[in-house]
Each structure stands twice: as C-alpha cells, then as structure tokens.
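To keep things clear, I will list the structure first and then write my remarks on it.
Any read-out appearing in this document is the output of simple, stated calculations on the displayed coordinates, not a laboratory observation. Model, not experiment: these values are computed from the prediction. Glycine gets a Cβ as well: all are built from the backbone with ideal geometry, and neighbour counts include every protein chain shown.
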C-alpha cells in the first residue's frame, strides 16, 4: 500500500495496456515463449544448486517428472492461448476484409468497407453502443449496491429467514434466465417497465445479482468486523466508519463485482430482447441476426466494436484495482 | 491506514458497540438517525430497530429477488393453466402432459441434457487442467488477466462467430483442407451450423466456460499450492499425487459449485442453441421461446410448461449445490483456510 508499491503497480498496468494494444495472436504466442525462457532460467539455476546439495528439493523427490509436468503445463497453456486468441484475431481480419473468396487462405483485399457501412448507415449503431454502455454501468452500480448491503446482512447479522434469503440470492445462478424472462414479461407489462430501458436495467440486475452477491459475501466474510469495531471504539461515527474503514476494505471486491456485472449486462441477449421488446436496441440485439449470416465482415465489425467497448471498461477497472494495490481479483467461489 | 487521519469526535459510550445482545457483536446501526426522523408516537424500541436492520440492508436485493421469484412462480402457474391475462383460471395438468408425451418435446429435453452434461464435463476438466497449469507455471497477473478474465468477457454469441469463421463450410479449416487436397467443394465440409450432434454448441460452451471454471478455481488452487502443496512435497509426494490427494479435494466444492452454475447456464440458455442448433431436435429453451412467441398467445401455457420442466431439472442442481454448501460448512475446511488467510494479512 506504500507509494513505491503503487508506482510499480502503475507501471505494470501501463505495460499491460500497451501489450494489449500490440497483442495479436502471434504476438501473444511469442510473449508466451519469451515467458517460458524467462522462467526456465531460474529453474535450471535451481537444479545446479540442488546438485551441490545446498537446498532441499522444493516439490517432490522425482525431479525428472517435475520437469515433464512443467513442460506439459507450458504446452497446454500455449495451445489454450492459441485457441482463445486465434479466432478473435480471425474475426478482426474478417472485419477488415473486402473480398475473401472461398479457397484462398489469405484475404484478397483489405478495406474499411464494413466499418464505414456499419458506422455511417444512420446513427443507429453508435447510439446502440452508447445505450449498451449506459445500461451496463447502471446495472453494475445498482447490482453492487444491492449486493454489498445484502452481503452485510447475510454475513454480519443473525436474523429470521437468513438461510431463505441466502438461498434466494443464489437462485438466479441456477435457474436459467430464459425462464425468468418469459415469466416476468407479463408483470413488466403491467408495471409499465416492458419495452423501456429501466425495465431492461432491472432485469439485468436480477441476472447479475448472484454473481455480485457471491463475491461480496466472500469479501465481507474475509474482512470481518474487527477493523470496524476498532473504528467505533475509537469514536468514529457510523458514516466515518463506512467512509474510512468499510469502503476501503471492501473496495477490491466491489470493483470485481462491478466489472463482472457489467460484463454480464452487456453480453446479455435474451433478457434484453424479451424485456426491451424492439424498443431497446443494444449492441447484442443488433448484432445477433448478423452472427450466423453470410456477410461475415459486417458481423466482424459488430463483434470488434463490442469487444473494444468491453475491453475498455475492463481495463479501466483493472487500472483502478492496480492503483489500489490489489494484486488478485476476487474470484467467484472462495479464494 | 487512512482511518487514522480522520478526526473522530468521541461520543461517550454511545459510540461503543453494544455487546449485550446477539450471538456476535455487530456494529451498531444508524439508529440515532432513524429515531430522529420518526415522530415520537412511532418511535421503535432499540431492540426492534436492531432487529429491523438486516431486513433493511437486504431490501434492495429483495426487490430484485422478488422479481425473479415472481417470474419463476408466475411461469410455473401459467404452465398449470392459471393465466389471468388469458382469462384462464383452472388448474390443469394438460400442458405438462402434452409437453411430456409429445415425442418432439421429450427429445428436446434429452438433447438439452446431453448438451449440458457434455459441455459441463469438458469445461470442468479443461478448466481444472488450465488452472493447475497456470498455477504450476506460477504465471503472473498478466497471464491470468488475458488468459482467464479476458475470455470471460467475450459474450457467448460472439464465440459462435469465432466458431463459424473456423468451422463453417467456407471457414478457415475448410480452406486448409482444400489446400491439402482433401476436399474440393465447400459443401464437402460438414458444417458446424445445424449439426444434429450439436458439437458446435458444446464446443462454444467449452470455449467460453473453461475460463470461467479456471476463474473460480485458480485463486484457491494457488493458495493451496502455497500452503499445503509444499507440506505434501516435504512429506514426499510427487506433484501428480499432491494434485489428486491434496489440491483436488480442497478445491472440490468450488469446482462442483462452478460446474453446477455452468450446467444450469448451458441447460437453460437460448443464444448459442438458437444460432447453431439443428432444426430438429431443438434445445429446450429454444423450443420454449418458439412456443412463447407464436402468434397464438394461448401457446404460452405450453411454453411455460416447458419452462416448468427446466425449473424442475434445475431444482435438482440447486439441491446438489446446497448439499455441497452444507458439506463445506460442516467440514469447516474453508473457514479454517480462510481464517488462516485473514490472520496472515
């Protein structure tokens, strides 16, 4: 938490952003091999030490196996990274192609045709992009607010029906959103929420709540109450306690939950479609019909724009987390 | 800490946490404010106020959950033929019987189950291997960021496009095979679109859920590796043995919970199955939505009966989830690990 740590983290984040911008599929693969060499070096050095008998073996006694496991892990990671990034790069290439006739392995001509076509055909897509981000941010704020308070109730208080509430919080995880969306549509019509942006936001919040709540319950449990009690003993008012103790302690979890909720919201198609009707058009609802269509360049442009927006917000969250000195983001089920 | 910088006004014993009642000492609520707002006649006793706090805290989440539970119950009721907006008020099992006896529908249920089971198994196994591999390499934050968290942002329907660019009849793979002289026409390539075996759907979900499973297990696995892995190594276990006897049992509940979430998601989600699925058999959610949006609004009851079946199957998942949760708490392995964790910090 000291300033030196802060500076280093900031540097690392900057390096990460630069590498994201540069990273194409091959670039990532190269990074990977570079990392292998870099980490391979100390391992060899350690082996020499072992021969001299200066240090005990760190893991197990059969070092031959040890190296094989390591090699297998490296190979698996490389294959995995290729599988993850190759298709995404391919989509990027598709979005930039003009003509890519059938048997050619490489596209014939690159152009910005699809981009101009999508972005200049009315302000439709840009406004959809804006609406998507707005909904995403609203959803993450609301969900995190509800989840943080609910987590406090579930962890720090003993009350009647606590287990029922706990059960209800997990429920949207395990009962599909299609069921929820079809069932709630009638009620939303009656409340006047159907076909409105606020209706979509509420529905997205419901879908994102269990993710946020699971993270927040974990974080609240880990934080405990002793810091808050100290603050109160020292005479802090409840507002000061929340401002100077509770919030900083919970912040990493809050940001993780917020970014997860954002991702869930902007990637949602079915709930947006059903609650938003035709009125609320997000990137997802515009993109969907094009995904399985023949013009892959147009679909590619939609996907590239979508991923760019997602990545931007994701990196912003990462940057804030890094600045706070948080090394690890909270994962979902404990840890 | 920054708390020290703040200047607090010490307010006698009023600021101290109340230790008298309750099993665990909790922070005193903002009771003073509540009291001043209410008129004298409506003032609640301190005990009532204390009891009210958790419910107030839970209130925003409760509103959201109310919508969810209402949607679920409403759906189930409509499946039983109670749909006031259609003018139907009689309880009937017709729609469920119709859903379960029609051969097309029962095949849909089996198809969805098949997709969900295979996708979950594949994702769970590969996800565990991935997080073990990343832990083994001691990979840094950047690898985790781009290998695990970034793929999670890619929406499912985007993955469908990824798959199509590679596996469709004019995709990259077909072009490679043409180059090698194995096929001559795009139509020679078995397309991923609408394949009756649904391998495209399964592959899509595996692509997307492997990072999810890894995301859920990687932190735990890293901690276990740090703490118990070395102990096991000192006692003479090799790493495979350590993995199966120490790491995996300790990660078990996280893995099970993540897999159940994946299962329920795959079983009940619409997008991927709608884009890549065959016309027959349709996945259960696709079929339900198909019935739902038919012009004849009376078909909604049948759609809801299908949803009811989805809920019934998901309830099994819920029960397994809660058994896992219960076991986890009873064994207390995690609380132990966690308290160790907080002490270290």
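Of A:80, B:205, A:119, the sequence from fewest to most neighbouring Cβ atoms within 10 angstrom is A:119, A:80, B:205. Name the shape class, rounded, prolate or oblate, that the alpha-carbon gyration tensor gives for segment B:68-218, where a ≥ b ≥ c are the square roots of its eigenvalues, rounded holds for a/c under 1.5, and otherwise prolate holds if a/b is larger than b/c and oblate otherwise. Because a/c hits 1.5 or more and a/b fails to exceed b/c, segment B:68-218 counts as oblate. When a/c is below 1.5 the answer is rounded, else prolate if a/b is larger than b/c, else oblate, so apply that to segment B:94-344 with a ≥ b ≥ c taken from the square roots of the Cα gyration tensor eigenvalues. Verdict is oblate for segment B:94-344. For segment A:119-323, the spherically averaged projection of the C-alpha convex hull amounts to 14.1 nm².
Segment A:74-102 and segment A:186-226 have Cα centres separated by 35 Å. Peptide B:68-79 is shielded by partner chain Cβ atoms: per residue, an average of 6 of them sit within 10 Å of its Cβ.
Order by neighbour count: B:86, B:280, B:145, fewest other Cβ atoms within 10 Å first, most last.
Working: B:86 14, B:280 11, B:145 17.
Starting with the residue having the fewest Cβ neighbours, the order is B:280, B:86, B:145.
For segment A:70-127, what does the alpha-carbon gyration tensor say about shape, rounded, prolate or oblate, given a ≥ b ≥ c as the root eigenvalues, a/c under 1.5 as rounded, and a/b over b/c as prolate?
Details: a/c = 5.48, a/b = 1.89, b/c = 2.89.
The shape class here is oblate.
Could you please rank B:51, B:257, placing first whichever residue has the fewest other Cβ atoms within 10 Å of its Cβ?
B:51, B:257
Global size of segment A:115-176: 19.3, 59 Å for Rg and Dmax (C-alpha atoms, Rg to one decimal, Dmax whole).
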